[in-house]
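See below for the structure under consideration.
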């Protein structure tokens, strides 16, 4: 896939993101879902990188908005963000049920250089354990390919009841 197509797909997604961080917070599940689908569908590294950049930037805005407007959901958002990211990286390094060590090393170097991954990331430790031959570690790592579920939005009635209980 060409860099142009990668950028144009990212721009299509970018156009669907509101300018107002409060609106991003309201629509973050939908935005996240679109990005996850796009990442799942691509196999070209340049496109994956562009989508990872977009995901990282969008979720940073979501975290900032949540910290101000809905701090109670911030831990869930952070956990989902980390699990999504780990899932994206693992999928890039797995072919069927086989984790490719050389691919993991190359992707890790790329992500650390881009600042999206820390050199001491838990994912790297788990991946190294899986590559060392531990069947349990390999099963656990491949099992993490399931995407975490975003917390469902609270209904208006739930918000009213929650507000009344605090009084």
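Each value in this text was obtained by applying a stated rule to the coordinates, not by laboratory testing. The structure displayed is predicted, hence computed values, not measured ones. We place every Cβ from the backbone using ideal geometry, glycine too, and count neighbours over all the protein chains shown.
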TODO: Report the calculated FRET efficiency for residue 20 and residue 106 (r = Cβ-Cβ distance, R0 = 30 Å), to the nearest 0.05.
DONE: 0.20
Task: Residue exposure sequence - 30, 111, 63 - by fewest surrounding Cβ within 10 Å - done: 30, 63, 111
